[in-house]
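Peer 1: I have a structure here, written as structure tokens, and I will follow up with some questions on it.
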Amino acid sequence: MSAEGGTAGYIQHHLTNLAVCADSAKVDGVCQGFWTFHLDTLLVSGILGLVVFGLMAMLASKATAGIPSGGQNFVEMVVGLVDQQVRDTFHGRSALVTPLAITIFVWVFVMNAMDLIPVDFLPVALQAATGNHHLPFKFVPTTDPNLTFAMSLTVFVISIAMGLKVKGFGHFMHEVFAVPFGIKLAPINFLFRVVEEIARPISLSLRLFGNMYAGEMVFILIALLGLYQLPLALPWELFHILIITLQAFVFMMLTIVYMSMAAESH
Amino acid sequence: MNINATLIGQAIWFGLFIWITMKYVWPPLQKAMADRQAQIAEGLAAAERGKHEQELAAKRSADALREAKEKSAEFVAQAEKRAQQIVEEAKGNAKVEADKIVAGAKAEIEQEVERAKQQLRERVAELAVAGAEKILRKEINASVHAEMLGALKQDL
């Protein structure tokens, strides 16, 4: 717990991203414009992704059809679980959906899993290493809406592209303007469609962000209790294992569902 | 909650990781898993085939065994029959041989009897002549009575 600022300061500090921006984007010395980068989110998510996907690619390159090694077996188990979900839900043919679902599940899971490291361990270690005791650094990238929106918008773009590719431009436009009420009510159909399409990425990203942000907040509040945090942190941590897995799974599952909706006719 | 350019950076990361998974993670794993599935299916099919073949072989061996038993029983019966036949034949042969021997012996006995009779005839004549000679020493002339004695010899 940082000494200055009291409880509010401690919480505030833990919820502040390490932001960098050009001087022109600063308002009162704080980065607030659009051209701001959250270095912590970018670094942690990128390093985690590179490590975990590099490891998976390495194991996959050595994959054999014979008796699999322990690592290959584990990766196959995870990938097989995701693939089973894709097979059950997505009935079209696509080389993209399964890799996309695997990426989402694995990446979101490892980023969420950063939440299981006690809230002060890594920030304090980093502050000690850099010598800057006011350095803010959020270690759970999924508590940054920039990340969740980036993912959900990417999924949104891919689903639109998939709809166009599978159905063709004419059929896609027909669906946008003539379903469900017929071509005579084209504006209403279009409005419905827009609301439906926009609601998806927003709900997708806010669900993950909200759950992880709230979970992180509870960890921070528990960490404020001094010695009493010991009996409280463990149960919440155990419960959180469920949440991080569930959120990764839900994000992946909904992505598959959106892809399948985009690829199938209404 | 402030949305800023981090979004773009994160989208780039996301795209990169999707690309890595799509190119380097999923295809080799999918191939390995599919290959393994095929291998397992093949192995199971081979096991099934082997089992079936084994069943067939067991059936064949049982058939062969039964056939061999039948054949051997037939052989034994045939051999018994043949033995019976041989015994019968031998019996017949022995009987014929015995009959022949008996007949031979009988013929020999007859011959012997005939010979003895012949000898006896000759001896009787001599004895009769000797007796008569003794009795009729004086008046009987052997040469005179030879004709009569010859007739007597024939009658005997």
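Peer 1: Given 25 °C and 0.890 mPa s, how large is the Stokes-Einstein diffusion coefficient of the stretch A:125-266 in µm²/s, with Rh as the Kirkwood radius over Cα pairs?
Peer 2: Working: Rh = 18.1 Å.
Answer, rounded: 135 µm²/s.
Peer 1: Pairing the Cα long axis of helix A:186-223 with the longest principal axis of chain A, what angle in degrees results, from 0 to 90 and rounded to the nearest 10?
Peer 2: Roughly 20 degrees, rounded to the nearest 10.
Peer 1: Something else about it: Per residue of A:71-83, how many C-beta atoms from partner chains lie within 10 Å of its own C-beta, taken as a mean?
Peer 2: Working: counts 0, 4, 0, 0, 2, 5, 0, 1, 6, 3, 0, 1, 4.
Counting other chains' Cβ atoms within 10 Å and averaging over A:71-83 gives 2.
Peer 1: Next question. How would the stretch A:25-174 be classified by its alpha-carbon gyration tensor: rounded, prolate or oblate, with rounded meaning a/c under 1.5 and the a/b versus b/c comparison settling the rest?
Peer 2: The shape class here is oblate.
Peer 1: Please give the average number of partner chain Cβ atoms lying within 10 Å of the Cβ of each residue in A:95-103, rounded to a whole number. Working shown, then result.
Peer 2: Working: counts 4, 4, 0, 4, 12, 6, 3, 7, 11.
Partner Cβ neighbours, averaged per residue: 6.
Peer 1: Next up: At what distance in nm do the modelled label points of residue A:62 and residue A:243 sit from each other, each positioned 7 Å from its Cα along Cα→Cβ?
Peer 2: Inter-label distance under the simple model: 3.7 nm.
Peer 1: Also: Which whole-Hz ³J(HN,Hα) couplings does the stretch B:4-13 yield from phi under the Karplus relation 6.51 cos²θ - 1.76 cosθ + 1.60, θ = phi - 60°, glycine and proline marked x?
Peer 2: So the J values, rounded to whole Hz, are 8, 5, 3, 3, 5, x, 5, 5, 5, 4.
Peer 1: For helix A:145-178, report the angle its Cα long axis makes with the longest principal axis of the Cα atoms of chain A; keep it between 0 and 90° and round to the nearest 10°.
Peer 2: 10
Peer 1: About the Cα centre of chain A, how large is the charge dipole given +1 on each Lys and Arg Cβ and -1 on each Asp and Glu Cβ? Please answer in debye to the nearest 20.
Peer 2: Details: 11 positive and 16 negative charges, 163 e Å.
With Lys and Arg at +1 and Asp and Glu at -1, about 780 debye.
Peer 1: While we're on this one: 222 nm [θ] for chain A, helices only, -39500 (n - 2.57) per DSSP H run of 4+, per residue, to 500? It would help to have the intermediate numbers written out before the result.
Peer 2: On the way: 8 runs with 186 residues, N = 266.
Mean residue ellipticity at 222 nm (helix-derived): -24500 deg cm²/dmol.
Peer 1: Would you please give the residues with an amide H less than 5 Å from that of residue A:36, counting only those at least 5 places away or on a separate chain, with H modeled from the backbone geometry?
Peer 2: Answer set, sorted by chain and number: B:5, B:6.
Peer 1: Using the Cα atoms of the protein assembly as shown, I'd like the radius of gyration and the largest Cα-Cα distance, Dmax, both in angstrom.
Peer 2: According to the Cα coordinates of the protein assembly as shown, Rg and Dmax are 59.8, 209 Å.
Peer 1: Moving to a separate point now. Starting from the Cα of residue B:122, step 7 Å along the direction of its Cβ; do the same at residue A:125; then give the gap between the two resulting points in nm.
Peer 2: Result: 15.3 nm between the two label points.
Peer 1: Still on this structure, I have one more. Would the stretch B:1-109 count as rounded, prolate or oblate if I go by the C-alpha gyration tensor, calling it rounded below 1.5 in a/c and otherwise prolate when a/b exceeds b/c, oblate otherwise?
Peer 2: It is prolate, given that a/c is not under 1.5 and a/b is the larger ratio.
Peer 1: Classify the stretch A:7-64 from the C-alpha gyration tensor, please: rounded if a/c falls under 1.5, else prolate or oblate depending on whether a/b exceeds b/c.
Peer 2: Details: a/c = 7.06, a/b = 2.25, b/c = 3.14.
Since a/c reaches 1.5 but b/c is at least a/b, the shape of the stretch A:7-64 is classed as oblate.
Peer 1: May I pose another question? So for the protein assembly as shown, taking the charge dipole from beta-carbon charges (+1 Lys/Arg, -1 Asp/Glu), which of B:107, A:43, B:148 sits furthest toward the positive end?
Peer 2: B:148
Peer 1: Further question on the same structure: Rounded to whole Hz and in sequence order, give me ³J(HN,Hα) for the stretch B:116-124 from the Karplus expression 6.51 cos²θ - 1.76 cosθ + 1.60, θ = phi - 60°, writing x for Gly and Pro.
Peer 2: Values per residue, Gly and Pro as x: 4, 4, 4, 4, 4, 4, 4, 5, 4 Hz.
Peer 1: Kindly express, to the nearest 10 degrees and within the range 0 to 90, the angle between helix B:142-155's C-alpha long axis and the longest C-alpha principal axis of chain B.
Peer 2: Orientation of helix B:142-155: about 40 degrees from the principal axis.
Peer 1: Sticking with this structure for a sec: Would you give the gap between the C-alpha center of the stretch A:64-112 and the C-alpha center of the stretch A:144-210, rounded to a whole Å?
Peer 2: Comparing the Cα centres of the stretch A:64-112 and the stretch A:144-210, I get a distance of 25 Å.
Peer 1: What average count of beta carbons from other chains do you get within 10 Å of the Cβ of residues in A:57-65?
Peer 2: 6
Peer 1: Here is a follow-up. For the stretch A:112-263, calculate the relative contact order in percent as a whole number, restricting contacts to Cα pairs under 8 Å that are 6 or more residues apart.
Peer 2: 33
Peer 1: About its Cα centre, how strong a charge dipole does the stretch B:46-156 have in debye, to the nearest 20, once Lys and Arg get +1 and Asp and Glu get -1 at the Cβ?
Peer 2: Result for the stretch B:46-156 is approximately 200 debye, rounded to the nearest 20.
Peer 1: Moving on. Once the Cα atoms of the stretch A:174-254 are picked out, what are the Rg and Dmax in Å?
Peer 2: Looking at the stretch A:174-254, its Cα Rg and Dmax stand at 20.7, 67 Å.
The numbers here are math on the coordinates, done by the rules we state, and not lab data. If you're wondering where the values come from, they're calculated on a predicted model, not measured in any experiment. Note: ideal-geometry Cβ built from the backbone for every residue, glycine included; neighbour counts use all protein chains shown.
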